[in-house]
């Protein structure tokens, strides 16, 4: 079994779209996939949030694509629908508040235990291995987002040892956020396979093209592009994911 860990430079930059597109593309290619997201927050809100759904519901970081914006399901529900799992199996911990996991749990009168997170991730890994499945793990927020007391997304990624993908915005501000994320990941010994800029506009301007090239050069990393995805249709997700070099990332 081999898989990928999907993180991001921030919340709302396209982790779920990347995870869903990868999962759909793998399944379309004949692979069996198990998805795992340790914690989902903000389950009462329309998800992904407007900050995430907006760019992917438009043609190119703003322009209308024709037709009304399609509503996306919550992260764990989308991944479950693609992989054929139950939503609660994808995300064992779910909270109503749209906040960092440790705070969302606190507002619900609970406390997230790091050992519980590790056990759930190990269980997902074991089931994927036993079922000859690829494991796609989606983090929460950015790489240093706290999941529990003194336990971050980075800690979880390091415990699983899966190759890392970093979802990032293509527009203004992405260079600093992306380079900082790469520095944190590599300082923790994580194997960064690529940065994925999303949603990549159909007609990229000088800013997006420069950002892509600058991150490639200064970050010494492969930069892939995930195009706009109009809605949560499995075929549309698979088509977008097929444009990514996921076979090489999994090797």
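Table for the structure above
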{"quantity": "Selected residue (criterion: surrounded by the most Cβ atoms within 10 Å (Cβ to Cβ)) from residues of the stretch 10-37 that are under 20 Å from residue 102 (Cβ atoms) and touching a strand residue (DSSP E or B) at 6+ places or on another chain (Cβ under 6 Å)", "calculated": "15"}
{"quantity": "Qualifying residue in the stretch 201-219 (condition: under 18 Å from the mean Cα position of the chain (by Cα), buried (at least 19 other Cβ atoms within 10 Å of the Cβ) and not in a loop (DSSP other than H, G, I, E, B))", "calculated": "no"}
{"quantity": "Residues being without any contact (Cβ under 8 Å) to a residue 60 or more places away in the chain and closer than 8 Å to residue 39 by Cβ - total across the stretch 93-104", "calculated": "3"}
{"quantity": "Number of the condition not met by residue 226 [criteria: (1) within 28 Å of residue 132 (Cα to Cα); (2) in contact (Cβ under 8 Å) with a residue 24 or more places away in the chain; (3) surrounded by fewer than 16 Cβ atoms within 10 Å (Cβ to Cβ); (4) within 17 Å of the chain's Cα centre (by Cα)]", "calculated": "(3)"}
{"quantity": "Qualifying positions in the stretch 220-245 - assigned to a helix (DSSP H, G or I) and out of contact with any helix residue (DSSP H, G or I) (no Cβ under 6 Å at 6 or more places or on another chain)", "calculated": "235, 236, 239"}
{"quantity": "Restricting the stretch 119-139 to residues that are in contact (Cβ under 8 Å) with a residue 60 or more places away in the chain and in a helix (DSSP H, G or I), the residue that is surrounded by the fewest Cβ atoms within 10 Å (Cβ to Cβ)", "calculated": "129"}
{"quantity": "Failed item, numbered, when residue 116 is tested on (1) surrounded by 19 or more Cβ atoms within 10 Å (Cβ to Cβ); (2) within 28 Å of residue 85 (Cβ to Cβ)", "calculated": "(1)"}
{"quantity": "Given (1) out of contact with any strand residue (DSSP E or B) (no Cβ under 7 Å at 6 or more places or on another chain); (2) farther than 16 Å from residue 154 by Cα; (3) assigned to a helix (DSSP H, G or I), number of the condition residue 115 does not satisfy", "calculated": "(2)"}
{"quantity": "Selection count, the stretch 141-163, where residues are buried (at least 18 other Cβ atoms within 10 Å of the Cβ), without any contact (Cβ under 8 Å) to a residue 60 or more places away in the chain and part of a loop (DSSP other than H, G, I, E, B)", "calculated": "0"}
{"quantity": "Single unsatisfied condition, residue 69 versus (1) assigned to a loop (DSSP other than H, G, I, E, B); (2) closer than 26 Å to residue 151 by Cα; (3) modelled with pLDDT of 55 or more", "calculated": "(2)"}
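The values are calculated or read from the model by the stated rules, or taken from the named source; none is laboratory data. Computed from a predicted model, the values in this text were never measured in an experiment. FYI the Cβ positions are ideal-geometry reconstructions off the backbone, even for glycines, and counts take in every protein chain you see.
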